[in-house]
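Undergrad: Right, I'll just put the structure down here and ask away after.
The values are calculated or read from the model by the stated rules, or taken from the named source; none is laboratory data. From a predicted model like this one, the values you see are computed outputs, not experimental measurements. Methodologically, a virtual Cβ is constructed for each residue, glycine included, from the backbone with ideal geometry; neighbour enumeration extends over all protein chains shown. To get the accessible areas, we keep the full protein, side chains included, count just its heavy atoms, and leave off ligands, DNA and RNA. Shrake-Rupley method; radii C 1.70, N 1.55, O 1.52, S 1.80 Å.
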Amino acid sequence: MIYLDNAATTRTAPEAVEAMLPYFTEYYGNAGGIYRLAGESRKALLQARETIAKTLGAQTNEIFFTAGGSESDNWALKAVFEAYRSKGRHIITSKMEHHAVLHTCAYLEEMGAEVTYLDVDAEGIVDVEQLKRAVRPDTILISVMYANNEVGTIQPVREIGEIAAGHGILFHTDAVQAYGHLPIDVEECHIDLLSASGHKFHGPKGAGFLYVNQKARIRALLHGGQQERGRRAGTENLPGIVGMAAAAQLAHEAMEERNVRETALRDYLINRIEQRVPGAVLNGHRRKRLPNNVNISVEGIEGETMLIMLDLAGICASSGSACTSGSTDPSHVLLAMGMSRERARGALRLTLSEENTREELDVVVEELESIAARIRGLLVK
């Protein structure tokens, strides 16, 4: 098997699994208890919070653990709207956000919010000038993702953060695809809220976090106990949190070296596909993109067809977000970039990890070349 769907999920790092195991069987106490066993759980939670805070240049008390990116996005938008609606009800986001943000914005519109959806250019970059014009006296939140989950385009986050800070507006970024893959400093980028998910950087599924600047006011997500300082009730997923923190530390320690390797593999794969597969076109920005992301469309060929044929050859890929698999609609991301519905339906996403090799990528290119030739042959007949 050749696995090229790391944007959907990653293999859990052995070091993360090893870190988790004692918290299933040995240090299994509820962190809310007062006895020594519970104290070990509280200690592990604090250490995990400190580890993640350091990777962002944040304070320990600004990290709140969640079940993943979608929950973190929902919490950020809903909690800010509830806390600041007396100041204003206007939210700014982009047309190519993950559905965890877009669907939450749609829900908030039903609750009385007014949402401006920014355009993006043909490479998937937000129109900053349109953002400046969209700001109003009643704007309370700007939510723009750090890097896109489908085409890998990296947004001008620092510039957006500066605009938000200059107007006293909170800035949230969905960094689910970026965290653990790109260096992020929340203070430098004027980020007030940031969402991340452990299984995108070789941590376990079911664990994520929301960074909240201590100056920002947010409401509780879940009511009940005092977990997460009274803002997210429910017994903590201690093994998942410990594993996520271990993966976060590994990712940040090896980031520079890994990114050099992944970028080289990414560019090698793009160049080989463009040379060998007729009608193949790169989607997204050629340079301002995640180190491991390759998204292409092949003229006249459905992406789903290529996926099925690649799977038969033992190659795992996707046509877009894992959260929209099974949908027959073209990607909203590609449509927002101005693509035709036909080209958008032909999209194929190949996302690498440091474990992939050039030899594997050569096999993938050969299969894509063969698939394109076979499908075109059938269409001609």
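Undergrad: Peptides 272-283, 24-35: what's the order by average Cβ count within 10 Å, highest mean first?
TA: 272-283, 24-35
Undergrad: Which net charge results for the neighbourhood of Gly300, defined as the other residues with beta-carbon distances under 11 angstrom from its beta-carbon, given Lys and Arg at +1 and Asp and Glu at -1?
TA: Once positives and negatives cancel, what remains is 0.
Undergrad: Taking amide H positions as placed in the peptide plane 1.01 Å from N, state which residues far from Ile315 in sequence (5 or more) or on other chains have amide H under 5 Å from it.
TA: Ile2
Undergrad: Mind checking which of Gly303, Gly88, Gly152 has the largest fluctuation in a GNM of the chain, springs on alpha carbons under 10 Å?
TA: Gly88
Undergrad: With each pseudo-label sitting 7 Å past Cα toward Cβ, what's the Arg217-Arg276 distance in nm, one decimal?
TA: Between Arg217 and Arg276, the simple spin-label model gives 5.9 nm.
Undergrad: A follow-up question, please. Pull out the extension gain between Lys288 and Val128, defined as 0.36 nm times the separation in residues minus the alpha carbon to alpha carbon distance; nm, one decimal.
TA: Extra length from Lys288 to Val128 when fully extended: 56.0 nm.
Undergrad: When the helices in the chain are scored as -39500 (n - 2.57) per DSSP H run of 4 or longer and the sum is shared across all residues, what 222 nm value do you end up with, to the nearest 500 deg cm²/dmol?
TA: -13000 deg cm²/dmol
Undergrad: Within a Cβ distance under 10 Å of Asn149, other residues only, what is the Lys/Arg minus Asp/Glu net charge?
TA: Combined, the nearby Lys, Arg, Asp and Glu give -1.
Undergrad: Pop out the ³J(HN,Hα) list for segment 228-237 in order, Karplus 6.51 cos²θ - 1.76 cosθ + 1.60 with θ = phi - 60°, rounded to Hz; leave Gly and Pro as x.
TA: Each residue's phi maps through the Karplus curve to give 6, 6, x, 10, 8, 5, x, 4, 5, 7 Hz.
Undergrad: For Cα Rg over 2.2 N^0.38 Å, several values are listed as [x] 1.91; [y] 1.01; [z] 1.59; flag the one computed from this structure.
TA: [y]
Undergrad: Diagonalise the Cα gyration tensor of segment 138-272 and give the resulting equivalent ellipsoid semi-axes, square root of 5 times each eigenvalue, largest first, whole Å.
TA: 28, 22, 11
Undergrad: Which whole-Hz couplings ³J(HN,Hα) result when phi for each residue of segment 171-182 is put into the Karplus expression 6.51 cos²θ - 1.76 cosθ + 1.60, θ = phi - 60°, listed in order with x for Gly and Pro?
TA: 10, 10, 10, 7, 9, 4, 8, 8, 5, x, 10, 10
Undergrad: Among 107-119, 161-173, what's the highest-first ranking by average C-beta atoms within 10 angstrom per residue?
TA: So the order, starting with the most tightly packed, is 161-173, 107-119.
Undergrad: List every DSSP H helix in the chain whose Cα atoms extend 15 Å or more along the helix's own long axis and whose mean Kyte-Doolittle hydropathy is at least 0.0.
TA: Result, helices passing both filters: 99-110, 238-253, 358-380.
Undergrad: Okay, next question. Net charge near His98, counting Lys/Arg +1 and Asp/Glu -1 over other residues with Cβ under 11 Å of its Cβ?
TA: Surrounding charge for His98 is -4.
Undergrad: To continue, here is another question. With a point put 7 Å past each Cα toward its Cβ, work out how far Arg261 is from Thr235 in nm, to one decimal.
TA: For the pair Arg261/Thr235, the computed spacing is 3.9 nm.
Undergrad: Mind listing the phi-derived Karplus ³J(HN,Hα) values for segment 279-284, rounded to whole Hz, using 6.51, -1.76 and 1.60 with θ = phi - 60°, and x for any glycine or proline?
TA: With coefficients 6.51, -1.76 and 1.60, one gets x, 7, 10, 6, 9, x Hz.
Undergrad: Let me ask something additional. So for the chain, taking the charge dipole from beta-carbon charges (+1 Lys/Arg, -1 Asp/Glu), which of Ile154, Val115, Gln47 sits furthest toward the positive end?
TA: Result: Val115.
Undergrad: When the chain is fully extended, how far beyond the present Cα-Cα distance does Glu109 get from Leu312, taking 0.36 nm per residue of separation?
TA: Using 0.36 nm per residue and subtracting the Cα-Cα distance, I get 68.7 nm.
Undergrad: While we're here: Whole Å is fine, so just give me how far the alpha carbon centre of segment 340-361 lies from that of segment 1-37.
TA: Comparing the Cα centres of segment 340-361 and segment 1-37, I get a distance of 29 Å.
Undergrad: What figure in square angstrom, to the nearest 10, would you give for the accessible area of Asp121 with a 1.4 Å probe?
TA: 70 Å²
Undergrad: While we're here: Once you've got the GNM for the chain with C-alpha springs shorter than 10 Å, pick whichever of Ser72, Ser195, Ser331 has the biggest mean-square fluctuation.
TA: Among Ser72, Ser195, Ser331, the largest GNM mean-square fluctuation belongs to Ser331.
Undergrad: Then there's this: Using the crude model of +1 on Lys and Arg Cβ and -1 on Asp and Glu Cβ, and no other charge, please compute the dipole size for the chain relative to its Cα centre, in debye to 20.
TA: Here the size comes out at about 780 debye.
Undergrad: Modelled label-to-label distance, Glu26 and Glu253, 7 Å Cα→beta-carbon offset: nm?
TA: With each label placed 7 Å out from Cα toward Cβ, I get 1.8 nm.
Undergrad: If R0 is 51 Å, what FRET efficiency do you get for Thr305 and Arg36 from their C-beta distance, rounded to 0.05?
TA: Calculated value: 0.30.
Undergrad: Using R₀ = 22 Å, calculate the FRET efficiency as 1/(1 + (r/R₀)^6) where r is the Cβ-Cβ separation of Leu182 and Thr9; round to 0.05.
TA: 0.75
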